[in-house]
Structures are given as structure tokens and as C-alpha cells.
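The values are calculated or read from the model by the stated rules, or taken from the named source; none is laboratory data. As the structure is a prediction and not an experimental result, all values here were calculated from the model. In this analysis, Cβ positions are derived from the backbone assuming ideal geometry, glycine residues included, and neighbour counts consider all displayed protein chains.
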Amino acid sequence: MIAPVLLLLLTVPAGLPVRAQGSRKVIQMTLVSWKFTPDFFTVTRGDTVVLQLSNEDPDKRNHSFAARWLVGKQVITRGQVAREGIDDERRFFAVAPGTKAEIEFVASEPGSFPFVCGVFDHGSRGQVGAMNVLPAPK
């Protein structure tokens, strides 16, 4: 009886998704013509990151949050994500004018991770930023 229970305990966790070991970090980010505010933020490895994206563009332009490092990453979306997909090797989350959306993920690796607005020429006009992930404390 003990052997089957032990086998179950040893094998079940291996198939489960990796859970965050850190804090929950909520970043409120505004998207307007040619900029993210904030365009840089810092979290710690293992943190659950919740980006609250708000398209407040006075000219009613579409915007998106796009990054190569999001391709293949488990992401939870909430709110009004107008479109989601992969373009130019970047996973993007589009937010229509006057709407809000959330994307949530775990910061799983330390380093600097760039992001860009994936709409037409917004990135070349300066709508870029980066997430800095610090190593987890020992």
C-alpha cells in the first residue's frame, strides 16, 4: 500500500506546470502614441507579473504589447485583448483604443527582456521598453 502512494507522490508533481515562487507584481502600463508608461520595470525571478495594459491614446490608435520572450510562455489573459498571436517572431497582445487588458506570466529567468508595440511603425518611433528580472534571493 505504501509503495503505490509513494509512486504517486513522486510522479504527479513532474507533470504539473511550474508555479511562481516569488511575489505577485502588478504593473499598470499606459499605451499611447509612441510610448509605454512605464517603459521599464524590474521584477524578481519567480514573481508572477501582471501587466495591466490601458490604451489611452488620444488619437484612437491601436497598440500592442509584443515580445519574443513571450513565445511559448504560459500567459493568462483577462479583459479586452483585441487580438493575440505571433507576428515577426514576437507574441503580441493587441489592445484597442479606450480598452484595458491584462496579461499574466511568471518571470522565470533573470536578465533584461525587451518589448515593443507590434503595430506597424510604433516600435521604430520609440514605443519600446524592457523588463529587468533580478535573480531570486538565496
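Restricted to the stretch 47-87, and to residues there that are in contact (Cβ under 8 Å) with a residue 40 or more places away in the chain and among the small types (Gly, Ala, Ser), the residue that is nearest to Thr30 (Cα to Cα) is Ser54.
Here is a yes/no grid of residues against (1) surrounded by fewer than 18 Cβ atoms within 10 Å (Cβ to Cβ); (2) of a type in the set (A, V, I, L, M, F, W, C); (3) in a strand (DSSP E or B):
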| site | (1), (2), (3) |
| --- | --- |
| Ile27 | yes, yes, yes |
| Val43 | no, yes, yes |
| Arg78 | yes, no, yes |
| Val81 | no, yes, no |
| Ile86 | yes, yes, yes |
| Phe93 | no, yes, yes |
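Among the numbered conditions (1) closer than 28 Å to Pro137 by Cα; (2) among the charged types (D, E, K, R); (3) modelled with pLDDT of 95 or more, the only one that Arg19 does not meet is (3).
Selection of the stretch 96-138 for residues being among the hydrophobic types (A, V, I, L, M, F, W, C) and touching a His at 6+ places or on another chain (Cβ under 8 Å) yields Val116, Cys117, Val119. Residue count for the stretch 95-108, restricted to those that are without any contact (Cβ under 8 Å) to a residue 60 or more places away in the chain, surrounded by 15 or more Cβ atoms within 10 Å (Cβ to Cβ) and of a type outside the set (S, T, N, Q): 8. With respect to the conditions (1) surrounded by fewer than 19 Cβ atoms within 10 Å (Cβ to Cβ); (2) assigned to a strand (DSSP E or B); (3) small (Gly, Ala, Ser), Ser64 falls short on a single one, namely (1). Could you check the stretch 124-138 and list, in sequence order, the residues that are over 18 Å from the mean Cα position of the chain (by Cα) and assigned to a strand (DSSP E or B)? Across the stretch 124-138, there are no qualifying residues.
Of the residues making up the stretch 45-61, just one is part of a strand (DSSP E or B), of a type outside the set (Val, Ile, Thr) and surrounded by fewer than 17 Cβ atoms within 10 Å (Cβ to Cβ), namely Gln52.
Considering every residue within the stretch 87-94, establish whether at least one is over 23 Å from Gln21 (Cβ atoms) and of a type in the set (Phe, Trp, Tyr). Yes, the stretch 87-94 contains a residue that is over 23 Å from Gln21 (Cβ atoms) and of a type in the set (Phe, Trp, Tyr). Taken over the stretch 95-123, residues that are small (Gly, Ala, Ser) and in a strand (DSSP E or B) amount to 3.
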